[in-house]
Amino acid sequence: MTQPQPTPSDDMGGVLQRLHKLGGATADLFNRVYGGLNRHKQLADAMSQLEKIEVRNRQLRQALREQSIEAQRLQGILASISEGIIMQDTEGRIVMMNSAAEMLLGTQRNFWSSELGVLFNERRDIPAIGNELAPLGEAKRVMIDNRVVSAQIAAITDQSSERIGTLMILRDVTDEGISSKMKDSFVTHISHEL
């Protein structure tokens, strides 16, 4: 038996069919290569974003460290001042009371039950006028445990003039009052003698 001879068109059809399969396989290969390259580019972009985030995190940590050091420095200064310092936030909570204020008043409860607590509450909602530290009225003298205490209240604002709290500076002026009374008594006594 003889086999039928393939015609040139049959040969051409087989070649075209094989060529079509080869083209499809090539397209699949290129799709995979391009897909891999695309994923590689996405990965590179993600790594770049991650590096930027890490740089920003380092900058923020450094700024936070510097701010913490500055806050500790200010806390140390306020703690060592001989005048009593009491700071209140905008919600009315005491956020800092130095040792001189504690020596004058005792506890925070003593502060709130004194005339100073009333004075603090009266002036805590007075708007500040643009400065970072703006006095709210004149200093007021009050009696605390047989001591005369001068209290000056100021509004604390940030750089954008937003009120961030209230500050009270306390100074024991008992000795000034006693010496003033002694001077007045002396002058009165001398004038009677003359």
Scope the range 70-90; condition modelled with pLDDT under 85, under 16 Å from the mean Cα position of the chain (by Cα) and open to solvent by 80 Å² or more (accessible area, probe 1.4 Å); matching residues: L74, Q75
Across the range 95-114, the tally of residues that are part of a helix (DSSP H, G or I), touching a residue at least 60 places away in the same chain (Cβ under 8 Å) and out of contact with any Ser or Thr (no Cβ under 8 Å at 6 or more places or on another chain) stands at 2
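Just checking, which of R123, R147 is out of contact with any helix residue (DSSP H, G or I) (no Cβ under 7 Å at 6 or more places or on another chain), modelled with pLDDT of 65 or more and under 30 Å from V95 (Cβ atoms)? Outline the logic, then answer.
Working: R147 fails: out of contact with any helix residue (DSSP H, G or I) (no Cβ under 7 Å at 6 or more places or on another chain).
So the residue among R123, R147 that is out of contact with any helix residue (DSSP H, G or I) (no Cβ under 7 Å at 6 or more places or on another chain), modelled with pLDDT of 65 or more and under 30 Å from V95 (Cβ atoms) is R123.
Can you work out which of the residues in the range 145-165 that are among the hydrophobic types (A, V, I, L, M, F, W, C) and in contact (Cβ under 8 Å) with a residue 24 or more places away in the chain is farthest from A100 (Cα to Cα)?
Step one: of the range 145-165, the residues among the hydrophobic types (A, V, I, L, M, F, W, C) are 148-149, 151, 153-156, 164.
Add one more test, that the residue is in contact (Cβ under 8 Å) with a residue 24 or more places away in the chain, and what stays is 148-149, 151, 153, 155-156, 164.
Working: V148: 15, V149: 12, A151: 13, I153: 16, A155: 20, I156: 20, I164: 23 Å.
The residue in question is I164.
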Given the criterion open to solvent by 90 Å² or more (accessible area, probe 1.4 Å), under 17 Å from the mean Cα position of the chain (by Cα) and not hydroxyl-bearing (S, T, Y), identify the matching residue among Q67, Q49, Q62, Q42. Q67
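The values are calculated or read from the model by the stated rules, or taken from the named source; none is laboratory data. Model, not experiment: these values are computed from the prediction. Methodologically, a virtual Cβ is constructed for each residue, glycine included, from the backbone with ideal geometry; neighbour enumeration extends over all protein chains shown. These accessible areas exclude ligands, DNA and RNA; they are computed on the full protein's heavy atoms, side chains included. Shrake-Rupley method; radii C 1.70, N 1.55, O 1.52, S 1.80 Å.
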